[in-house]
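The values are calculated or read from the model by the stated rules, or taken from the named source; none is laboratory data. These figures come from a predicted structure and were not determined experimentally. Note that we place each Cβ from the backbone using ideal geometry, even for glycine, and neighbour counts take in every protein chain shown. What goes into the accessible areas is simple: the full protein's heavy atoms, side chains included, and nothing from ligands, DNA or RNA. Shrake-Rupley method; radii C 1.70, N 1.55, O 1.52, S 1.80 Å.
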Amino acid sequence: LVPDALFTLALPDGSEQTFLLEIDMGTMAPKRLKAKLRCYLTISRSPVLFVVPDQNRQAAITRWAIEEATALKRDSTLFWLTTKERITEDTILDEPIWSIAGGPAIALTSLAQGSSKPAEHHEPRRLLGTLEPPQFGTMGV
């Protein structure tokens, strides 16, 4: 299992948060995507961000994530989803465009305040590293 990318944000409070990123094109069959979700639920400790083509696909993946998490007795809030159209330079970090499977919509930078609600003001933050494929072992899905 290898995400499309992974990145770490340095948040204003000095903490860091790593995210795994999946760019979903809507072409992966439900059975295969559910297997991928199960793998993430089993091995990931970092949130998995899914960027999907449209709201129908977002709803389907959210439903599958909750179903798989329930079956494994895991937490579906590992998965955060948004549509491609909602992502801009201004929204990707600071706007509540990320819908958490089984939870609220939040902004990535709201994590610095330890809240699941959007933060009202943000100091400058920086991205640690680049958005490149991760360099760790693979597991077939």
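Collect the residues in the stretch 56-96 that are hydrophobic (A, V, I, L, M, F, W, C), open to solvent by 30 Å² or more (accessible area, probe 1.4 Å), assigned to a helix (DSSP H, G or I) and under 19 Å from S46 (Cα atoms), keeping them in residue-number order.
I66, L72
What is the residue count in the stretch 1-39 for residues that are free of Cβ contacts under 8 Å to residues at least 40 places away in the same chain, in a helix (DSSP H, G or I) and open to solvent by 30 Å² or more (accessible area, probe 1.4 Å)?
4
What number of residues within the stretch 40-55 satisfy the criterion of being touching a Gly at 6+ places or on another chain (Cβ under 9 Å) and open to solvent by less than 20 Å² (accessible area, probe 1.4 Å)?
Residues in the stretch 40-55 being touching a Gly at 6+ places or on another chain (Cβ under 9 Å) and open to solvent by less than 20 Å² (accessible area, probe 1.4 Å): 1 in total.
Looking only at the stretch 98-110, decide whether some residue is modelled with pLDDT under 95, touching a His at 6+ places or on another chain (Cβ under 8 Å) and buried (at least 19 other Cβ atoms within 10 Å of the Cβ).
The answer is yes, given that some residue of the stretch 98-110 is modelled with pLDDT under 95, touching a His at 6+ places or on another chain (Cβ under 8 Å) and buried (at least 19 other Cβ atoms within 10 Å of the Cβ).
Can you tell me which of (1) modelled with pLDDT under 90; (2) touching a Leu at 6+ places or on another chain (Cβ under 8 Å) is the one F79 doesn't meet?
(1)
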